[in-house]
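Read-outs throughout are calculated quantities, based only on the coordinates presented, and are distinct from any laboratory measurement. The model shown is predicted, which means the values in this text are computed figures rather than measured ones. Don't worry about glycine lacking a Cβ; one is built from the backbone with ideal geometry, like all the others, and counts go over all protein chains shown.
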Amino acid sequence: MSSPIPASVLAPPPVTSVTELLAAPKTHVTVRGLSKSFAGAPLYTGFHLDLPRGKIVSIFGPNGCGKSTLMNMIAGLVPPDAGEILFDGKSLKDTQIGYVFQNYRDALFPWITAWDNIAYPLKRQGMKPAAVKARVDELVALFEIRFDLRRYPYELSGGQMQTVCIMRSLATRPEVLFLDEPFSALDFEMTLFIRAKLQEAHMATGTTMVIVSHDLEDAVFLADRILLLTRRPTRIAEIVPFELPRPRKPEDTADPEFVRVKAHTLEVFRREVNA
Ligand SMILES: Nc1ncnc2c1ncn2[C@@H]1O[C@H](COP(=O)(O)OP(=O)(O)O)[C@@H](O)[C@H]1O
Ligand SMILES: [Mg+2]
């Protein structure tokens with residue numbers, strides 16, 4: 001089912017029937033002619049990418065190849081030198097996005113409670129208190145929160161802090177959610193928990209998600225597509241589809257399809273690192 005998609009596009013195969021047409025993922029984010037240099041050294045030149053709607057795309061590649069920079073350019077946190085990025089044909093300013101930072105310790109406001117951190121983007125949008133409460137309650141139910149959200153960030157465990165960051169990022173119902181290494185500072189148990197919660201949130205909302213990961217297992221586990229990048233100057237090495245049905249369970253890491261996709265991804269990665 002999942003032979004490699006040729007580099008440069010995440011487009012679906014040619015449509016031959018109405019059923020396929022209905023099932024084909026539509027492009028959500030279009031990246032065209034993206035260029036970025038740091039201190040005169042090109043990182044990206046004329047880079048193209050299509051991200052499919054409602055899918056989870058993992059970005060994986062060698063250290064320093066520009067995973068975070070690519071995501072940050074798409075999310076509007078780093079200005080590209082050239083190129084165009086459109087969300088359903090709209091610009092970023094007309095698009096609701098969410099972002100989960102790599103370092104959750106610095107990402108939460110320390111002077112307000114976990115609850116107020118989650119509510120913050122809603123209040124900022126001018127939402128009325130009753131609606132804010134209703135939305136936070138929904139997120140509490142979705143994430144099955146058992147700890148006290150009246151606590152301050154410093155009173156929470158790392159996993160709890162990251163959970164609060166993800167709840168905050170989803171509060172405004174973003175069209176696209178960006179996550180930079182969301183598991184990198186978590187222990188294994190918390191990684192399993194956050195993975196499961198992200199997958200549940202994705203299944204419940206259909207939010208397009210982009211996840212940067214340096215861990216191969218994390219990159220594959222949640223992904224519909226694994227975007228493999230080369231060393232810099234950075235190109236797409238390959239886009240690997242992973243179509244194991246959801247919800248995926250921790251034991252699915254032993255599923256032959258998971259093992260096959262992970263091995264293939266590793267092979268491409270090795271080839272790129274040694275290129
Ligand atoms: N603000 C910056 N100034 C100078 N160089 C940068 C800056 N941000 C990133 N880089 C360089 O660009 C390359 C890609 O960085 P990054 O996107 O963080 O890589 P990755 O996330 O894949 O590890 C690295 O060589 C890094 O040193
Ligand atoms: Mg990075």
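Show me the helices of the chain, taken as full DSSP H stretches, that run 24 Å or more along their long axis by Cα and average -1.0 or above in Kyte-Doolittle hydropathy. The answer, listed by residue number, is 188-205, 256-274.
Can you say what percent of the DSSP beta bridges in the chain, counting only those with both residues inside, are antiparallel? Round to 5. The answer is about 55 percent antiparallel. For a straight C-alpha distance cut-off of 15 angstrom, the aspartates and glutamates reachable from Lys123 (same-chain residues fewer than eight places away being disregarded) are Asp137.
Summing Cβ point charges (Lys, Arg +1; Asp, Glu -1) relative to the Cα centre of the chain gives a dipole of roughly 660 debye. With contacts taken as Cα pairs under 8 Å and at least 6 residues apart, region 105-173 reaches a relative contact order of 55 percent. Taking the Cα centre of region 188-275 as the origin and placing charges on Cβ (Lys, Arg +1; Asp, Glu -1), which of His264, Leu228, Leu244 is farthest toward the positive end of the dipole? Value computed over the given set: Leu228.
By average Cβ neighbour count within 10 Å, what is the ranking of 77-83, 57-63 from highest down? It would help to have the intermediate numbers written out before the result.
Details: 77-83: 14.4, 57-63: 22.1.
Ranked from most to least packed, the peptides come out as 57-63, 77-83.
Excluding same-chain neighbours fewer than eight residues apart, the aspartates and glutamates reachable from Lys133 by a Cα-Cα span under 13 Å are Asp116. Phi angles across region 82-96 convert, under the Karplus curve 6.51 cos²θ - 1.76 cosθ + 1.60 with θ = phi - 60°, into 3J(HN,Hα) values of 7, x, 9, 10, 10, 10, 6, x, 9, 7, 4, 5, 9, 10, 8 Hz, Gly and Pro given as x. Farthest towards the positive end of the charge dipole of the chain, among the residues Ala39, Leu149, Cys165, is the Cα of Ala39, using unit charges on the Cβ of Lys, Arg, Asp and Glu.
For the chain, the direction-averaged projected area of the alpha-carbon convex hull comes to 15.6 nm². Sorted from greatest to least, the principal axis extents spanned by the alpha carbons of region 105-173 come out as 29, 24, 18 Å.
Peptide packing: for 140-147, 41-48, 180-187, the average count of neighbouring Cβ atoms within 10 Å per residue gives the ranking 180-187, 41-48, 140-147, highest mean first. Give the lysines reachable from Lys55 as a straight Cα distance under 25 Å; neighbours fewer than 8 places away on the same chain don't count. Counting by Cα, and skipping residues close in sequence, Lys55 has these lysines nearby: Lys26, Lys67, Lys90, Lys93, Lys197, Lys249, Lys262. When each of Thr253, Thr208 is scored by the number of other beta-carbon atoms lying within 10 Å, the sequence from fewest to most is Thr253, Thr208.
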